[in-house]
Amino acid sequence: MSPVSWGSKEHEDSTAAPLRGVRVLDLSRLLSGPFATHLLGNLGAEIIKVERPNGGDDTRRIIPLISGESFYFMSVNTNKRSIVLDLKHDRGRRIVHELARDADVVLENFRPGVAKRLGLGFEDLHAQNEKLIYCSISAFGQDGPWAQRGAFDLVVQALSGFMSVNGTPDGPPVRLGLPMGDLSAGIFAAIGVLGALVERSTTGIGQYIDVAMLDSSIGLLGYLSGWALMLGESPPRVGNGHQSLVPYGVYATSDGYVAVAVFTDPFWPKLCKALGLDELAWDERFDTMSERVAHREEIDAVVGAAMRALSLTEALACLVAHDVPHAPVLDVKQSFNLEQVVARGLVQVVTHEGAGQLQVVGPVVRYAGKRRMEVSPAPVLGADTEEVLASLGYSPEDIEQLCKERVIEVASRRNSE
(Lines give C-alpha, C1' and ligand atoms only; values in the text may rest on other atoms or scores of the structure.)
Protein backbone atom coordinates (compact mmCIF):
# COMPACT_ATOMS: atom_id res chain seq x y z
CA MET A 1 0.00 0.00 0.00
CA SER A 2 1.40 3.39 -0.96
CA PRO A 3 1.76 6.02 1.77
CA VAL A 4 -1.11 8.43 2.19
CA SER A 5 -0.23 11.99 1.20
CA TRP A 6 -1.03 14.90 3.48
CA GLY A 7 -4.18 16.78 2.51
CA SER A 8 -5.58 13.97 0.37
CA LYS A 9 -9.14 12.74 0.79
CA GLU A 10 -7.78 9.34 1.81
CA HIS A 11 -5.63 10.89 4.50
CA GLU A 12 -8.56 13.02 5.67
CA ASP A 13 -10.71 9.94 6.13
CA SER A 14 -7.97 7.94 7.83
CA THR A 15 -7.36 10.57 10.49
CA ALA A 16 -10.94 11.70 11.07
CA ALA A 17 -11.16 9.40 14.10
CA PRO A 18 -7.66 9.06 15.57
CA LEU A 19 -8.96 6.94 18.49
CA ARG A 20 -11.14 4.74 16.33
CA GLY A 21 -10.99 1.20 17.76
CA VAL A 22 -10.10 2.38 21.29
CA ARG A 23 -12.68 1.20 23.84
CA VAL A 24 -13.10 3.14 27.08
CA LEU A 25 -15.03 1.79 30.04
CA ASP A 26 -16.28 4.87 31.89
CA LEU A 27 -17.15 4.25 35.55
CA SER A 28 -17.19 7.96 36.39
CA ARG A 29 -19.98 10.42 37.13
CA LEU A 30 -20.61 14.15 37.64
CA LEU A 31 -18.11 16.25 35.64
CA SER A 32 -14.36 15.59 35.86
CA GLY A 33 -14.48 11.98 34.65
CA PRO A 34 -17.34 12.38 32.16
CA PHE A 35 -15.58 15.42 30.67
CA ALA A 36 -12.41 13.37 30.17
CA THR A 37 -14.31 10.59 28.37
CA HIS A 38 -16.28 13.23 26.45
CA LEU A 39 -12.96 14.48 25.05
CA LEU A 40 -11.82 10.95 24.20
CA GLY A 41 -15.17 10.25 22.53
CA ASN A 42 -14.74 13.39 20.43
CA LEU A 43 -11.53 11.81 19.12
CA GLY A 44 -13.38 8.67 18.06
CA ALA A 45 -13.02 6.35 21.06
CA GLU A 46 -15.94 4.08 21.90
CA ILE A 47 -17.17 5.08 25.34
CA ILE A 48 -19.25 2.65 27.40
CA LYS A 49 -20.63 4.61 30.33
CA VAL A 50 -21.59 2.51 33.34
CA GLU A 51 -24.35 4.10 35.42
CA ARG A 52 -25.95 3.05 38.64
CA PRO A 53 -29.60 1.91 38.89
CA ASN A 54 -32.39 4.24 39.99
CA GLY A 55 -31.35 7.39 38.20
CA GLY A 56 -27.86 6.92 36.82
CA ASP A 57 -25.34 9.77 36.81
CA ASP A 58 -26.34 12.47 39.31
CA THR A 59 -26.09 15.12 36.60
CA ARG A 60 -29.13 13.61 34.86
CA ARG A 61 -31.21 15.48 37.45
CA ILE A 62 -29.57 18.89 37.23
CA ILE A 63 -32.08 21.49 36.05
CA PRO A 64 -33.20 22.93 33.68
CA LEU A 65 -34.60 19.80 32.04
CA ILE A 66 -35.58 19.45 28.38
CA SER A 67 -38.39 16.91 28.04
CA GLY A 68 -37.16 15.32 31.24
CA GLU A 69 -33.50 15.25 30.17
CA SER A 70 -30.83 17.42 31.83
CA PHE A 71 -29.07 20.01 29.66
CA TYR A 72 -26.01 19.47 31.89
CA PHE A 73 -25.76 15.73 31.29
CA MET A 74 -26.41 16.05 27.57
CA SER A 75 -23.66 18.65 27.21
CA VAL A 76 -20.78 16.51 28.45
CA ASN A 77 -21.87 12.96 27.62
CA THR A 78 -22.08 12.97 23.84
CA ASN A 79 -20.56 10.07 21.89
CA LYS A 80 -21.24 7.56 24.66
CA ARG A 81 -23.26 4.39 25.22
CA SER A 82 -25.07 3.92 28.53
CA ILE A 83 -25.44 0.69 30.44
CA VAL A 84 -26.89 0.37 33.93
CA LEU A 85 -25.12 -1.96 36.38
CA ASP A 86 -25.41 -2.34 40.12
CA LEU A 87 -21.77 -2.38 41.21
CA LYS A 88 -22.82 -3.41 44.72
CA HIS A 89 -24.00 -6.71 43.25
CA ASP A 90 -21.53 -9.52 42.51
CA ARG A 91 -22.98 -10.07 39.05
CA GLY A 92 -22.77 -6.38 38.24
CA ARG A 93 -19.09 -6.33 39.15
CA ARG A 94 -18.54 -9.51 37.15
CA ILE A 95 -19.90 -7.79 34.06
CA VAL A 96 -17.43 -4.93 34.57
CA HIS A 97 -14.62 -7.50 34.64
CA GLU A 98 -15.92 -8.99 31.41
CA LEU A 99 -16.04 -5.59 29.75
CA ALA A 100 -12.57 -4.69 31.02
CA ARG A 101 -11.04 -7.77 29.37
CA ASP A 102 -11.57 -6.18 25.96
CA ALA A 103 -11.23 -2.54 27.00
CA ASP A 104 -8.26 -0.31 26.31
CA VAL A 105 -9.02 2.19 29.07
CA VAL A 106 -10.94 2.21 32.34
CA LEU A 107 -11.62 5.60 33.88
CA GLU A 108 -13.16 6.17 37.33
CA ASN A 109 -13.56 9.02 39.80
CA PHE A 110 -14.56 7.25 43.00
CA ARG A 111 -12.93 8.34 46.23
CA PRO A 112 -9.54 6.66 46.59
CA GLY A 113 -9.94 3.07 47.74
CA VAL A 114 -13.57 2.60 46.70
CA ALA A 115 -12.81 0.88 43.38
CA LYS A 116 -10.36 -1.45 45.11
CA ARG A 117 -12.94 -2.37 47.77
CA LEU A 118 -15.38 -3.19 44.98
CA GLY A 119 -12.81 -5.46 43.35
CA LEU A 120 -12.63 -3.05 40.41
CA GLY A 121 -9.25 -1.46 41.09
CA PHE A 122 -6.29 -1.35 38.75
CA GLU A 123 -4.70 -4.55 40.05
CA ASP A 124 -7.99 -6.45 39.77
CA LEU A 125 -8.65 -5.50 36.17
CA HIS A 126 -5.06 -5.28 34.90
CA ALA A 127 -4.45 -8.86 36.06
CA GLN A 128 -6.82 -10.10 33.35
CA ASN A 129 -5.80 -7.54 30.69
CA GLU A 130 -2.19 -6.39 30.78
CA LYS A 131 -2.83 -3.88 28.01
CA LEU A 132 -5.38 -2.03 30.12
CA ILE A 133 -4.80 1.64 30.92
CA TYR A 134 -6.54 2.61 34.15
CA CYS A 135 -7.11 6.27 35.06
CA SER A 136 -8.34 7.46 38.45
CA ILE A 137 -9.53 11.03 39.01
CA SER A 138 -9.98 12.26 42.56
CA ALA A 139 -10.04 15.53 44.42
CA PHE A 140 -6.55 15.32 45.91
CA GLY A 141 -4.91 12.22 44.43
CA GLN A 142 -4.38 8.67 45.60
CA ASP A 143 -1.81 9.51 48.29
CA GLY A 144 -0.95 12.30 50.68
CA PRO A 145 -2.67 13.42 53.90
CA TRP A 146 -5.79 14.62 52.09
CA ALA A 147 -6.28 11.62 49.82
CA GLN A 148 -9.49 10.51 51.49
CA ARG A 149 -11.10 13.93 51.45
CA GLY A 150 -13.83 14.67 48.96
CA ALA A 151 -14.25 17.98 47.18
CA PHE A 152 -16.21 19.69 44.47
CA ASP A 153 -15.11 22.37 42.02
CA LEU A 154 -15.61 25.33 44.37
CA VAL A 155 -13.38 23.77 47.03
CA VAL A 156 -10.60 23.14 44.53
CA GLN A 157 -10.86 26.64 43.10
CA ALA A 158 -10.45 28.03 46.61
CA LEU A 159 -7.40 25.87 47.36
CA SER A 160 -5.62 26.22 44.02
CA GLY A 161 -5.34 30.02 44.00
CA PHE A 162 -7.88 30.42 41.18
CA MET A 163 -10.23 32.49 43.31
CA SER A 164 -7.43 34.61 44.79
CA VAL A 165 -6.61 36.11 41.38
CA ASN A 166 -10.21 36.43 40.22
CA GLY A 167 -12.19 39.56 41.11
CA THR A 168 -11.46 43.24 41.61
CA PRO A 169 -8.54 44.44 43.75
CA ASP A 170 -10.81 45.89 46.41
CA GLY A 171 -13.39 43.10 46.31
CA PRO A 172 -13.58 39.54 47.63
CA PRO A 173 -12.14 36.49 45.85
CA VAL A 174 -14.53 35.26 43.15
CA ARG A 175 -15.16 31.80 41.75
CA LEU A 176 -14.40 31.44 38.05
CA GLY A 177 -17.63 31.15 36.06
CA LEU A 178 -16.25 27.98 34.48
CA PRO A 179 -15.88 24.89 36.71
CA MET A 180 -12.15 24.76 36.02
CA GLY A 181 -11.39 22.50 38.97
CA ASP A 182 -13.40 19.76 37.29
CA LEU A 183 -12.57 20.65 33.70
CA SER A 184 -8.82 20.85 34.30
CA ALA A 185 -8.83 17.34 35.80
CA GLY A 186 -10.81 16.07 32.81
CA ILE A 187 -8.38 17.67 30.37
CA PHE A 188 -5.27 16.30 32.10
CA ALA A 189 -6.87 12.86 32.45
CA ALA A 190 -7.52 12.77 28.70
CA ILE A 191 -3.94 13.89 28.03
CA GLY A 192 -2.66 11.22 30.42
CA VAL A 193 -4.65 8.52 28.65
CA LEU A 194 -3.38 9.64 25.25
CA GLY A 195 0.20 9.53 26.52
CA ALA A 196 -0.33 6.04 27.96
CA LEU A 197 -1.79 4.83 24.67
CA VAL A 198 1.32 6.06 22.85
CA GLU A 199 3.62 4.35 25.37
CA ARG A 200 1.60 1.14 25.16
CA SER A 201 2.12 1.09 21.39
CA THR A 202 5.81 0.37 22.08
CA THR A 203 5.66 -1.59 25.36
CA GLY A 204 2.41 -3.49 24.86
CA ILE A 205 1.61 -2.90 28.52
CA GLY A 206 -0.97 -0.61 30.08
CA GLN A 207 -0.46 1.39 33.25
CA TYR A 208 -2.10 3.26 36.09
CA ILE A 209 -2.75 7.02 35.91
CA ASP A 210 -3.44 9.16 39.01
CA VAL A 211 -5.03 12.57 38.29
CA ALA A 212 -6.01 14.98 41.06
CA MET A 213 -8.31 17.98 40.64
CA LEU A 214 -6.06 20.10 42.86
CA ASP A 215 -2.89 19.10 40.97
CA SER A 216 -4.61 19.81 37.66
CA SER A 217 -5.82 23.23 38.74
CA ILE A 218 -2.40 24.23 40.00
CA GLY A 219 -1.00 22.93 36.72
CA LEU A 220 -3.13 25.50 34.88
CA LEU A 221 -1.79 28.47 36.83
CA GLY A 222 0.89 28.96 34.17
CA TYR A 223 2.89 32.14 34.66
CA LEU A 224 0.98 32.86 37.89
CA SER A 225 2.75 29.87 39.45
CA GLY A 226 6.06 31.41 38.38
CA TRP A 227 5.05 34.70 40.02
CA ALA A 228 4.56 32.95 43.35
CA LEU A 229 7.45 30.47 43.16
CA MET A 230 10.09 32.73 41.58
CA LEU A 231 9.16 36.13 42.96
CA GLY A 232 8.19 34.82 46.37
CA GLU A 233 4.80 36.53 46.56
CA SER A 234 1.27 35.88 45.41
CA PRO A 235 0.13 37.68 42.25
CA PRO A 236 -2.34 40.48 43.00
CA ARG A 237 -5.99 40.49 41.99
CA VAL A 238 -6.45 42.96 39.09
CA GLY A 239 -10.04 42.43 37.98
CA ASN A 240 -10.21 42.39 34.18
CA GLY A 241 -6.66 43.65 33.95
CA HIS A 242 -3.33 41.85 33.86
CA GLN A 243 -0.58 41.88 36.47
CA SER A 244 2.17 42.53 33.91
CA LEU A 245 0.41 44.34 31.05
CA VAL A 246 -1.23 47.77 30.60
CA PRO A 247 -3.59 48.55 29.00
CA TYR A 248 -5.08 45.10 29.04
CA GLY A 249 -8.67 44.82 30.18
CA VAL A 250 -12.33 45.58 29.63
CA TYR A 251 -13.52 49.12 29.04
CA ALA A 252 -17.04 50.52 28.97
CA THR A 253 -18.32 52.33 25.90
CA SER A 254 -21.53 54.33 25.91
CA ASP A 255 -23.59 51.20 25.20
CA GLY A 256 -21.45 48.11 25.80
CA TYR A 257 -18.07 46.72 26.74
CA VAL A 258 -14.93 46.06 24.73
CA ALA A 259 -11.87 44.03 25.68
CA VAL A 260 -8.53 45.53 24.62
CA ALA A 261 -5.26 43.57 24.75
CA VAL A 262 -2.07 45.62 24.30
CA PHE A 263 0.22 42.66 24.83
CA THR A 264 3.36 44.10 23.23
CA ASP A 265 4.79 47.61 22.87
CA PRO A 266 3.98 48.16 19.15
CA PHE A 267 0.25 48.07 19.88
CA TRP A 268 0.41 50.99 22.33
CA PRO A 269 0.77 53.77 19.70
CA LYS A 270 -1.86 52.02 17.58
CA LEU A 271 -4.34 52.18 20.44
CA CYS A 272 -3.51 55.84 21.08
CA LYS A 273 -4.18 56.74 17.44
CA ALA A 274 -7.40 54.72 17.40
CA LEU A 275 -8.73 56.68 20.37
CA GLY A 276 -7.38 60.10 19.33
CA LEU A 277 -4.79 60.10 22.10
CA ASP A 278 -1.76 60.72 19.87
CA GLU A 279 0.04 62.74 22.52
CA LEU A 280 0.19 59.69 24.77
CA ALA A 281 1.91 57.65 22.06
CA TRP A 282 4.95 59.91 22.33
CA ASP A 283 4.90 60.37 26.09
CA GLU A 284 8.20 58.92 27.34
CA ARG A 285 6.57 57.87 30.60
CA PHE A 286 4.60 55.22 28.69
CA ASP A 287 7.22 54.01 26.19
CA THR A 288 7.64 50.49 27.58
CA MET A 289 5.32 47.98 29.17
CA SER A 290 7.07 48.20 32.54
CA GLU A 291 6.61 51.99 32.51
CA ARG A 292 2.96 51.63 31.58
CA VAL A 293 2.42 49.13 34.40
CA ALA A 294 3.90 51.72 36.78
CA HIS A 295 1.30 54.22 35.53
CA ARG A 296 -1.61 51.73 35.40
CA GLU A 297 -4.23 53.95 37.06
CA GLU A 298 -3.44 56.99 34.90
CA ILE A 299 -3.50 55.05 31.64
CA ASP A 300 -6.68 53.15 32.50
CA ALA A 301 -8.38 56.41 33.42
CA VAL A 302 -7.46 58.15 30.14
CA VAL A 303 -8.24 55.12 27.95
CA GLY A 304 -11.46 54.53 29.88
CA ALA A 305 -12.64 58.12 29.33
CA ALA A 306 -11.90 57.92 25.60
CA MET A 307 -13.83 54.66 25.33
CA ARG A 308 -16.86 56.01 27.17
CA ALA A 309 -17.09 58.82 24.62
CA LEU A 310 -17.70 56.26 21.88
CA SER A 311 -20.48 53.84 21.15
CA LEU A 312 -19.55 50.17 20.98
CA THR A 313 -19.89 50.23 17.19
CA GLU A 314 -17.63 53.29 16.93
CA ALA A 315 -15.04 51.84 19.27
CA LEU A 316 -14.90 48.54 17.40
CA ALA A 317 -14.51 50.34 14.05
CA CYS A 318 -11.62 52.46 15.36
CA LEU A 319 -9.83 49.48 16.85
CA VAL A 320 -10.22 47.42 13.68
CA ALA A 321 -8.94 50.29 11.54
CA HIS A 322 -5.77 50.58 13.64
CA ASP A 323 -5.12 46.85 14.09
CA VAL A 324 -5.53 46.81 17.87
CA PRO A 325 -6.28 43.38 19.40
CA HIS A 326 -9.79 43.70 20.80
CA ALA A 327 -13.24 42.13 21.03
CA PRO A 328 -16.73 43.05 22.14
CA VAL A 329 -17.67 41.29 25.37
CA LEU A 330 -20.28 38.73 24.37
CA ASP A 331 -22.49 36.45 26.39
CA VAL A 332 -22.31 32.71 25.79
CA LYS A 333 -25.27 32.60 23.43
CA GLN A 334 -23.85 35.45 21.35
CA SER A 335 -20.51 33.65 21.01
CA PHE A 336 -22.20 30.80 19.15
CA ASN A 337 -23.56 33.27 16.59
CA LEU A 338 -20.13 34.67 15.70
CA GLU A 339 -19.51 34.28 11.99
CA GLN A 340 -16.13 32.71 12.75
CA VAL A 341 -17.69 30.06 15.00
CA VAL A 342 -20.38 29.37 12.40
CA ALA A 343 -17.80 29.15 9.61
CA ARG A 344 -15.73 26.65 11.58
CA GLY A 345 -18.75 24.37 12.07
CA LEU A 346 -18.18 24.03 15.79
CA VAL A 347 -21.86 23.58 16.65
CA GLN A 348 -23.57 20.41 15.47
CA VAL A 349 -27.20 19.34 15.49
CA VAL A 350 -28.11 15.98 17.00
CA THR A 351 -31.41 14.22 17.61
CA HIS A 352 -31.75 12.97 21.16
CA GLU A 353 -34.14 10.10 21.88
CA GLY A 354 -35.84 11.97 24.71
CA ALA A 355 -35.18 15.68 24.15
CA GLY A 356 -35.47 15.78 20.36
CA GLN A 357 -33.32 17.97 18.14
CA LEU A 358 -30.52 19.75 20.00
CA GLN A 359 -27.47 21.82 19.25
CA VAL A 360 -24.22 20.69 20.87
CA VAL A 361 -20.58 21.71 20.69
CA GLY A 362 -18.69 19.33 18.46
CA PRO A 363 -15.05 18.25 18.67
CA VAL A 364 -12.67 21.19 19.02
CA VAL A 365 -9.71 19.50 17.34
CA ARG A 366 -9.79 19.10 13.57
CA TYR A 367 -7.61 16.70 11.63
CA ALA A 368 -6.57 16.77 7.96
CA GLY A 369 -8.30 19.87 6.73
CA LYS A 370 -11.78 20.92 7.70
CA ARG A 371 -13.34 17.62 8.63
CA ARG A 372 -14.64 17.19 12.18
CA MET A 373 -15.88 14.09 13.89
CA GLU A 374 -19.63 13.70 13.86
CA VAL A 375 -21.26 13.86 17.28
CA SER A 376 -23.81 11.41 18.61
CA PRO A 377 -26.22 12.63 21.31
CA ALA A 378 -25.86 11.76 24.96
CA PRO A 379 -27.58 8.43 25.66
CA VAL A 380 -30.77 7.97 27.64
CA LEU A 381 -30.18 5.94 30.79
CA GLY A 382 -29.55 2.28 30.02
CA ALA A 383 -30.01 2.75 26.28
CA ASP A 384 -27.28 0.25 25.42
CA THR A 385 -27.45 -2.24 28.28
CA GLU A 386 -29.04 -4.99 26.20
CA GLU A 387 -26.77 -4.53 23.19
CA VAL A 388 -23.56 -4.43 25.22
CA LEU A 389 -24.50 -7.52 27.26
CA ALA A 390 -25.49 -9.36 24.11
CA SER A 391 -22.03 -8.61 22.70
CA LEU A 392 -20.60 -10.38 25.76
CA GLY A 393 -22.65 -13.48 24.98
CA TYR A 394 -25.62 -12.91 27.30
CA SER A 395 -28.85 -14.39 25.95
CA PRO A 396 -32.21 -12.59 26.08
CA GLU A 397 -33.14 -14.93 28.93
CA ASP A 398 -29.95 -14.01 30.83
CA ILE A 399 -30.70 -10.33 30.38
CA GLU A 400 -34.29 -10.81 31.51
CA GLN A 401 -33.11 -12.58 34.66
CA LEU A 402 -30.55 -9.82 35.43
CA CYS A 403 -33.34 -7.27 35.09
CA LYS A 404 -35.51 -9.23 37.52
CA GLU A 405 -32.62 -9.37 39.99
CA ARG A 406 -32.13 -5.60 39.52
CA VAL A 407 -28.49 -6.09 38.57
CA ILE A 408 -29.10 -4.13 35.37
CA GLU A 409 -31.64 -1.73 33.89
CA VAL A 410 -32.68 -1.63 30.27
CA ALA A 411 -34.06 1.64 28.93
CA SER A 412 -36.84 0.15 26.80
CA ARG A 413 -38.16 -1.98 29.66
CA ARG A 414 -37.91 0.82 32.22
CA ASN A 415 -39.85 3.17 29.96
CA SER A 416 -42.58 0.61 29.36
CA GLU A 417 -43.13 -0.10 33.04
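Tabulated data
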read-out	value
Structure-derived Cα Rg over 2.2 N^0.38 Å - corresponding label in (1) 1.18; (2) 1.13; (3) 1.05	(1)
Rg(Cα)/(2.2 N^0.38 Å) for the range 272-354, N = residue count	1.59
P(r) weight above 23 Å for the range 74-168, C-alpha pairs, percent	40 percent
GNM flexibility winner over the chain from Phe336, Phe122, Phe71 (Cα, springs under 10 Å)	Phe336
Protein accessible area in the range 127-193, 1.4 Å probe - carbon and sulfur %	64 percent
Zero-based 5 Å bins, Cα pair distances in the range 251-390, whole percents	2, 8, 13, 14, 11, 9, 8, 8, 8, 6, 4, 3, 2, 1, 0, 0
Choice from Glu405, Glu387, Glu397 with maximal GNM fluctuation in the chain (Cα, 10 Å cutoff)	Glu397
Top positive-direction residue, dipole computed over the chain with Cβ charges, set Ser32, Val250, His89	His89
Heavy atoms of Tyr367: accessible area, 1.4 Å probe, square angstrom to 10	80 Å²
Cα convex hull volume per residue for the range 343-394 (Å³)	97 Å³
Within the chain, percent of DSSP bridges classed antiparallel, to nearest 5	45 percent
GNM flexibility winner over the chain from Ala212, Ala185, Ala368 (Cα, springs under 10 Å)	Ala368
Paired Rg and Dmax values of the range 311-410, which use every Cα atom, in angstrom	23.2, 73
Accessible surface, the chain, averaged per residue in Å² (probe 1.4 Å)	51 Å²
Centre separation in Å (Cα based) which lies between the range 229-283 and the range 132-166	34 Å
The range 196-303, relative contact order in percent, only Cα pairs under 8 angstrom and at least six apart counted	16 percent
Per-residue [θ]222 nm for the chain (sum of -39500 (n - 2.57) over DSSP H runs n ≥ 4, rounded to 500)	-11000 deg cm²/dmol
Theoretical gain in end-to-end length, Glu339 to Ser391 [0.36 nm per residue, Cα-Cα removed]	14.3 nm
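The values are calculated or read from the model by the stated rules, or taken from the named source; none is laboratory data. Since the model is a prediction, treat every value here as computed from it, not as a measurement. Counting neighbours? That spans all protein chains shown, and the Cβs are built from the backbone with ideal geometry, glycine included. The accessibility values were calculated without ligands, DNA or RNA, using every heavy atom of the protein model including side chains. Shrake-Rupley method; radii C 1.70, N 1.55, O 1.52, S 1.80 Å.
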